[in-house]
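The values are calculated or read from the model by the stated rules, or taken from the named source; none is laboratory data. Note that this is a predicted model, so its numbers are computed, not measured. As a convention, Cβ positions derive from the backbone with ideal geometry for all residues, glycine included, and neighbour counts pool all protein chains shown.
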Amino acid sequence: MDSEDRMEMTQLEFGRCRSWPHSQDYCITCGLCSSACPVSGVDGFDPRKMIRMISFGLDDDLVVSRWPWICTMCGKCEHVCPMEIHIADAVRNVRSLRPRADVPGVLHKGLEAALDTGNNLRLPREDFIFILEDVAEELAEEEGYGDFKVPIDKKGARLLTTIHNKLVNTHTDDLKHWWKIFHAAQEDWTVASENWEGTSWGYFTGDNEAMKVMAGRIIEQMERLEIDTLLWPE
C-alpha cells in the first residue's frame, strides 16, 4: 500500500477533519513544531498536541477551544516539520468550523467591516485620501522629497500596492518607508482609493468565501486601473 492509499484510509476513520489533505496522521510527535512556535505554551497551546487531537478525531474539542485563535499562522511550525504537515492550514480549517457569531470579537467585527466598507476601520474614502495626502505633505517637507505626491487611482501605473489598515490608523509614519523606497527606485506605482485593505480578514477567520471576496476586490481594482503588478505587503 502506497502513501496515498494510506492517507485515503486514515481520512475515513475519524471526524470532520478527515477530509483535510494535511497529512496530520504522519505526525511523529518530534516536537520541532512546538519548539519553533512563537506562542507555544500560551494557555497551554502546543501545535504538536493540536495535530494529534485532529488525528484522534477530537474535532469538536478543538473547535470550541481557544487554541486555534492563539496561533498566529506564521508557518514556522510547518517550515521545520520533517513530515511536511500543513499545520497553519489545519489551524485555519479548525477556525472555519467555529460558528461565525462565536469568532473572537475583534476578528469577527473586522471582517464584517471589511466586507461592508472595503476596510476593517470603516474609514470613508474621503478620510482615507485625506490621511494619505497629509502624510505625503509631511514627506515632501523632508530633504530630497520636495516634489513628492501620493499617486491615488493612477491609471496605467506599473504597480498597485495595498495598505495595511494600521498604516492609516496608528502607524501612519510607516507609510513613508514604503514611499521612500518607491521614490528612490523611481517606481511607477499607485494605491486605490477604495477596497485598499491589505489584510485578509477572511483568511484569519477561516472564512474562505470572504477571502475570495476581498481578493476579488483587489483584482477588480487592478483591472479598473489597468495594472499588471501587485504589491500585497500583508
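In region 89-106, what residues are loosely packed, with under 15 Cβ neighbours inside 10 Å, among the hydrophobic types (A, V, I, L, M, F, W, C) and in contact with a His (Cβ under 8 Å, 6 or more places away or on another chain)?
ALA101 - this is the single residue of region 89-106 that is loosely packed, with under 15 Cβ neighbours inside 10 Å, among the hydrophobic types (A, V, I, L, M, F, W, C) and in contact with a His (Cβ under 8 Å, 6 or more places away or on another chain).
If you go through region 180-234, how many residues are among the charged types (D, E, K, R) and over 30 Å from PRO68 (Cα atoms)?
Count: 9.
In region 186-198, which residue that is among the polar types (S, T, N, Q), in a loop (DSSP other than H, G, I, E, B) and under 20 Å from GLU126 (Cα atoms) is modelled with the lowest pLDDT?
Checking each candidate, the answer is ASN195.
Could you list, in sequence order, all residues of region 142-183 that are charged (D, E, K, R) and either without any contact (Cβ under 8 Å) to a residue 12 or more places away in the chain or more than 21 Å from ARG122 (Cα to Cα) (or both)?
If the condition is that a residue be charged (D, E, K, R) and either without any contact (Cβ under 8 Å) to a residue 12 or more places away in the chain or more than 21 Å from ARG122 (Cα to Cα) (or both), then GLU142, GLU143, ASP147, LYS149, LYS154, LYS155, ARG158, LYS166, ASP174, LYS176, LYS180 are the ones that fit.
For region 108-140, which positions are surrounded by 18 or more Cβ atoms within 10 Å (Cβ to Cβ) and within 22 Å of THR72 (Cβ to Cβ)?
Result: GLY110, LEU111, ALA113, ALA114, ASN119, ASN120.
Restricting to region 159-183, what's the tally of residues that are in contact with a strand residue (DSSP E or B) (Cβ under 8 Å, 6 or more places away or on another chain) and within 15 Å of ALA140 (Cα to Cα)?
3
Could you tell me whether region 139-147 includes any residue that is at pLDDT 95 or above and in a helix (DSSP H, G or I)?
yes
What pairs can you find where one residue is in region 48-59 and farther than 17 Å from LYS76 by Cβ, the other is β-branched (Val, Ile, Thr), and their Cβ atoms are less than 9 Å apart, with a gap of 6+ or different chains?
From region 48-59, the pairs are ARG52/THR29; ILE54/VAL94; SER55/THR10; ASP59/VAL94.
If we keep just the residues of region 45-79 that are touching a Gly at 6+ places or on another chain (Cβ under 8 Å) and of a type in the set (Asp, Glu), which is modelled with the lowest pLDDT?
ASP59
Would you please name the residue that is farthest from MET214 (Cα to Cα), looking only at residues in region 92-145 that are in contact with a helix residue (DSSP H, G or I) (Cβ under 6 Å, 6 or more places away or on another chain) and of a type in the set (Gly, Ala, Ser)?
Among those that are in contact with a helix residue (DSSP H, G or I) (Cβ under 6 Å, 6 or more places away or on another chain) and of a type in the set (Gly, Ala, Ser), it is GLY110.
Scan region 170-201 for residues that are among the aliphatic types (A, V, I, L, M) and surrounded by fewer than 15 Cβ atoms within 10 Å (Cβ to Cβ) and jot them down.
Matches in region 170-201: ILE181, ALA184, ALA185.
For a quick check of your reading of the model, give me the residue pairs whose first member lies in region 23-46 and is assigned by TED's automatic domain parsing to the domain that holds LEU62 and touching a residue at least 60 places away in the same chain (Cβ under 8 Å), whose second is part of a helix (DSSP H, G or I) and polar (S, T, N, Q), with beta-carbon atoms closer than 7 Å and at least 6 apart or on different chains.
Close Cβ pairs satisfying both conditions: GLN24/SER55.
Looking at region 72-92 only, could you name the residues that are in contact (Cβ under 8 Å) with a residue 24 or more places away in the chain and over 16 Å from CYS27 (Cβ atoms)?
Listed by number, the residues that qualify are THR72, MET73, CYS74, LYS76, ARG92.
Give the residues of region 206-216 that are part of a helix (DSSP H, G or I) and either among the hydrophobic types (A, V, I, L, M, F, W, C) or at pLDDT below 90 (or both), sorted by residue number.
ASN208, ALA210, MET211, VAL213, MET214, ALA215
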